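Just below is one structure, and these are the notes that go with it.
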Amino acid sequence: MTRPADARLAQSALAASVALALVLVLAKLWALAATGSLAVAASLADSGLDLIVSLGGLAAVTYAARPPDEDHAFGHSSAEDLAALGQALFILISAGAIAVAAIRRLLAPAQTPLEAETSGIAVMALAIVLTIGLVLWQSRVARRTGSRVVLADRLHYLGDLVPNIGAILSLWASGALGLTQIDSIVALGAAGMLGLGALRIGGGAWNALMDRAADPAMIAEIERLAGSWPGIHGFHDLKTRTAGSRVFINLHVELDGTQSLYDAHEIAAGLVRAILKRYPQAEVIVHKDPVRKARGGTRRLG
């Protein structure tokens, strides 16, 4: 489980994310009504997504802090993946709607002029400043807590800076140069980014729900720790699976069968602590086997 202090700090970062997303949604709704810009519409859809994702992240951090119960012996982290699939579907629908509107406007015989470009630019500039402030705060929280949820939310807001800057560019080009088509082109680019993000989020959530193994680099590091740990003569049946931000690890280690149960326990417990220090998001179970009963596939040491 996450330490209470770290959980509260992560919740504060995600609560700030929710508040910012709500402010930006309201501001961009006004900017869209004032300008009619599809680039602003794309940025509005992205901020709407941010609001949903941040709410989901806040709920996930709060829910994940709950201990396992009789009905959920391995905790509740898979709820994060179910929420992510829903978020990915929402992103794809939004990206498709924006892309269709942009293509229709590009193919229209008469270009739709934008209005109140200066006001729209002011709103998008405000969005950039607030987003940078949030990213700096989330970076600090992620370094202190190691929360992958906060880190993912931070990366998502970093990605938001691109469509916001694109919206400012399209509004400036329309007002200063009369190039209204740039708005639709920027909107198409933003829709493409949204679609790719949706596929990435949905794919990761699907893999986790299907009990996909942990990252190969993580597996290699666990093997290195087990292979070099004092008192362990070999290991086998290393199995991992991901669920939300959690990674579940099962490992059999081979110990001297003549030593005391206390000594055997201390060796295995030390390995568990080392793995958890390296990967705080993990749940680790180590099974202790005597060397003489090692099964096929054992990694012999020494």
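The values are calculated or read from the model by the stated rules, or taken from the named source; none is laboratory data. On a predicted model such as this, the values are computed, not experimentally measured, just so you know. Using ideal geometry, Cβ is built from the backbone for each residue, glycine included, and neighbour counts are taken over all protein chains shown.
Within region 68-87, can one find any residue that is closer than 24 Å to GLY192 by Cα and modelled with pLDDT of 75 or more?
No, every residue in region 68-87 fails to be closer than 24 Å to GLY192 by Cα and modelled with pLDDT of 75 or more.
Based on what the data block shows, is LEU58 assigned by TED's automatic domain parsing to the domain that holds ILE132, farther than 17 Å from ALA198 by Cβ, at pLDDT 80 or above and not charged (D, E, K, R)? Lay out the reasoning, then the answer.
Details: assigned by TED's automatic domain parsing to the domain that holds ILE132: yes; farther than 17 Å from ALA198 by Cβ: yes; at pLDDT 80 or above: no; not charged (D, E, K, R): yes.
For LEU58, the condition - assigned by TED's automatic domain parsing to the domain that holds ILE132, farther than 17 Å from ALA198 by Cβ, at pLDDT 80 or above and not charged (D, E, K, R) - is not met.
Would you check if ALA217 is at pLDDT 70 or above and not in a helix (DSSP H, G or I)?
Values: at pLDDT 70 or above: yes; not in a helix (DSSP H, G or I): no.
Judged against the criteria, ALA217 is not a match.
Quick grid of which residues meet (1) buried (at least 16 other Cβ atoms within 10 Å of the Cβ); (2) modelled with pLDDT of 90 or more; (3) assigned by TED's automatic domain parsing to the domain that holds PRO230:
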{"position": "HIS265", "(1), (2), (3)": "no, yes, yes"}
{"position": "PRO280", "(1), (2), (3)": "no, no, yes"}
{"position": "VAL284", "(1), (2), (3)": "yes, yes, yes"}
{"position": "ARG292", "(1), (2), (3)": "no, no, yes"}
